[in-house]
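The values are calculated or read from the model by the stated rules, or taken from the named source; none is laboratory data. None of the values given here were measured: they were computed from a predicted structure. Here the Cβ positions follow ideal geometry from the backbone for every residue, glycine too, while neighbour counts run over all protein chains shown. To get the accessible areas, we keep the full protein, side chains included, count just its heavy atoms, and leave off ligands, DNA and RNA. Shrake-Rupley method; radii C 1.70, N 1.55, O 1.52, S 1.80 Å.
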Amino acid sequence: MKEYGVGFICGFFDILHDGHIDILCQAKKQCSYLIVAVGTDEFMKGRKNRNSVFSYEQRVEIVRAIRYVDQVVPETNLDKISAYYKYKFNVMFAGNDHEFEPAYIDTAKELKKLGVDTIFIPRKRSISSTLIREHIQSGVSFLDGDF
């Protein structure tokens, strides 16, 4: 039996890579039902100050196809408390790169008051969509072992 019933995790999943798959796998190992909130194009533009490579609809279709994902919902802002009231999750997952961000610290405290745990999952290795973009722009091969 899994420790949690419903888990919740957010991301843009713009350039999907094995780090994304790993974090979703780690989250799913701890809950029976995993909800993944995929950031909309507008939210990504506002939060990351850039356009997505793939459209929101494409990213949803890709994430929906991952076997660890039970439900995909839109993410339009950072308000995880409203998301809790809408989706009633028992645990929120996030990558440990967010562990010391004030917004996540405050949210974790507020969720705890509601009986919701927050688990920061360590990255499998230092890979990110941003790093992939930088490699593509610089012409560095992914086969060079930097990932």
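What to note about this one:
- Search result, residues across the stretch 80-96 that are in contact with a Cys (Cβ under 9 Å, 6 or more places away or on another chain) and open to solvent by 60 Å² or more (accessible area, probe 1.4 Å): ASN90
- Residue check, GLN58 without any contact (Cβ under 8 Å) to a residue 40 or more places away in the chain and under 18 Å from CYS31 (Cα atoms): no
- Search result, residues across the stretch 1-47 that are in contact (Cβ under 8 Å) with a residue 40 or more places away in the chain, more than 17 Å from ASP97 (Cα to Cα), among the β-branched types (Val, Ile, Thr) and crowded, with 21+ Cβ neighbours inside 10 Å: ILE35
- Set SER32, SER52: member being of a type in the set (S, T, N, Q) and more than 21 Å from ALA83 (Cα to Cα): SER52
- Residue satisfying condition, being modelled with pLDDT of 95 or more and part of a loop (DSSP other than H, G, I, E, B), within set PHE120, PHE93, PHE100, PHE89: PHE89
- For the stretch 60-73, a residue qualifies if it is closer than 20 Å to LYS45 by Cα and open to solvent by 70 Å² or more (accessible area, probe 1.4 Å), and exactly one does: GLU61.
- Residue match in the stretch 38-53 (condition: of a type outside the set (D, E, K, R), out of contact with any Lys or Arg (no Cβ under 8 Å at 6 or more places or on another chain) and closer than 17 Å to THR118 by Cβ): no
- In the set ASP14, ASP41, ASP22, only one residue is closer than 19 Å to PRO122 by Cα and of a type in the set (Asp, Glu); that residue is ASP22.
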